[in-house]
């Protein structure tokens, strides 16, 4: 085998969020909310980040809770891919 096997490759970032849009073909917009401590006031603040994720099968719906993983750049703004649907929208 080559030097760069799957065990030696750097761990990729994994995030969990809610699908806010699925209108594009094979792309979903995921809103990821994180709690960040404010540097000056030491209060926890909720920060939302929108990630563009590749969805090969077009099966995620708005409101689904999904897990996304970092991947190589697939387009100008797409750097994530949907790994699994954690919870379907009700």
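Each reported figure results from applying straightforward, stated rules to the coordinates on display, with no laboratory input. Since the structure is predicted, the reported quantities are computational estimates derived from the model, not experimental observations. Every residue, glycine among them, receives a Cβ derived from its backbone with ideal geometry; neighbour counts consider all protein chains shown.
Annotations for the structure displayed:
- Restricting attention to the range 60-90, the residues that are exposed (fewer than 15 other Cβ atoms within 10 Å of the Cβ), outside any loop (DSSP other than H, G, I, E, B) and without any contact (Cβ under 8 Å) to a residue 40 or more places away in the chain add up to 2.
- Filtering 66, 36 for residues that are closer than 11 Å to residue 18 by Cβ and in contact with a strand residue (DSSP E or B) (Cβ under 8 Å, 6 or more places away or on another chain) leaves a single hit, 66.
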